[in-house]
Amino acid sequence: MLSPKIRLGIPVNEYKPSVKGSTPAETLFSVSVSTVSYVRRTRLHQWRCADATFHCASQELCEQWIKVINEQLSLLTNRPKSLLVYINPYGGKQRGKRIYEQKVAPLFRRACISTDVIVTERANHARDHLKMEANLDQYDGVVCVGGDGMFSEILHGLVTRTQTDRGVDQNQPDAKLVPCSLRIGIIPAGSTDCICFATVGTNDPVTSALHIIVGDSQPMDVCSVHHHDIFLRYSVSLLGYGFYGDVLTDSERKRWLGPARYDLSGVKTFLSHNYYEGTVSFLPAEDTMGNPRDKLQCRSGCHVCQHKPSLKDKQWEMSVEKEKTDKGRNLDLLFGICQINHSKKRISHFSALLSACLSALKPFLGF
């Protein structure tokens, strides 16, 4: 049985002979040296690649160890061997291409992962390529280097391609959508990197690359938005109406400002003090296990999430008698999980549970 370090290792493909002996009077003897790279967990959810060096008495023994380790790693079928990579050169601080070439590509090469890299040239370039041109059968996954907008492009392209290939009409709100067979990996290089914070816990490119290499997977809920039987968009992190929509619309005209455009557009939109008509239908909670002001953070093992009722329970069935509506003029309406670097209090369990309430399809996305 291999140790956890070897289990999370990277394929070994070379050894280095060395000679030991400190003085001419000593008998010199040859020692073969092999180095195994493995994943090491550090603070703040970050992962790093570390090395362990082994000294063998002979070259034959060293090569035998290398062969055994690589054979064990080849049995891990969840690890990708071929990836399609899309790079957004304009997202965030326009460092996506440099981040990939300097931090991510060397790790993929060490892990013996082949990649086809496409640098996007316009908005929705990646989405259109996935929908119409990409030969997805030759890849184990799709990787986007950019921010949440780039991830959204990949999501829409991949999900739409899957439904088209299976003959599913996305315009039907009640259609049973087919989960994607390919996973999406995210290398954070954007302004907010909300999806990375919500799934990995940090927006560190090296950490995300190592999650992809070892085949780590995180299922995510995807919500579809329709209007009069016409499909509009898919959403993972945030579904907003009103204030947030105005902020994003205004910020698109200020992309040259980089991440600061969100703060500027947010202040401008807030000071305009616009209100929006809307009607919300909802089912009131039947228990008092928690409330939005209890200041409890949702983490692994959260007691609120562990005791959440099943979607199959009768109390979750829609009832005209229990359903309530609220109509009025509000600043905005927001649903979903939105954890970013500015969110110092992290995620509330109310946000985590809310994601499942909005789910229309649940493909397994994200390495």
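Quick rundown of the values:
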item: Test: residue in the range 161-173 that is farther than 16 Å from S217 by Cβ, in contact with a helix residue (DSSP H, G or I) (Cβ under 7 Å, 6 or more places away or on another chain) and in a loop (DSSP other than H, G, I, E, B); result: yes
item: Filter result (part of a strand (DSSP E or B) and either of a type in the set (S, T, Y) or at pLDDT 80 or above (or both)) within the range 225-244; result: V225, H226, F231, L232, R233, Y234, S235, Y241, G242
item: Long-range neighbours under 6 Å by Cβ, at least six apart or interchain, first residue touching a residue at least 60 places away in the same chain (Cβ under 8 Å) within the range 165-177, second loosely packed, with under 11 Cβ neighbours inside 10 Å and not aliphatic (A, V, I, L, M); result: N171/D229
item: Per-region count, the range 249-260, residues touching a residue at least 12 places away in the same chain (Cβ under 8 Å) and in a helix (DSSP H, G or I); result: 3
item: Every residue from the range 51-69 that is surrounded by 12 or more Cβ atoms within 10 Å (Cβ to Cβ), without any contact (Cβ under 8 Å) to a residue 24 or more places away in the chain and in a strand (DSSP E or B); result: F54
item: Cβ-Cβ under 7 Å pairs, at least 6 apart or on other chains, the range 271-295 side closer than 21 Å to L239 by Cα, far side aliphatic (A, V, I, L, M) and at pLDDT below 65; result: Y275/L331; G278/L333; V280/L333
item: Matching option when the condition is under 27 Å from T207 (Cα atoms), modelled with pLDDT under 90 and surrounded by 15 or more Cβ atoms within 10 Å (Cβ to Cβ), among V12, V39; result: V12
item: Every pair of residues 6+ apart whose Cβ atoms lie under 7 Å, when the first sits in the range 111-122 and is among the acidic types (D, E) while the second is part of a strand (DSSP E or B); result: D116/L84; D116/V85
item: Enumeration of residues in the range 202-224 that are in contact with a strand residue (DSSP E or B) (Cβ under 8 Å, 6 or more places away or on another chain), in a loop (DSSP other than H, G, I, E, B) and under 19 Å from A105 (Cβ atoms); result: N203, D204, V214
item: One residue from D221, D263, D204, D216 being among the charged types (D, E, K, R), more than 30 Å from R40 (Cβ to Cβ) and either in contact with a helix residue (DSSP H, G or I) (Cβ under 8 Å, 6 or more places away or on another chain) or in the same structural domain as R127 (by TED's automatic domain parsing) (or both); result: D221
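The values are calculated or read from the model by the stated rules, or taken from the named source; none is laboratory data. This is a predicted model, so every value here is computed, not measured. Here the Cβ is made from the backbone with ideal geometry for all residues, glycine too, and neighbour counts use every protein chain on show.
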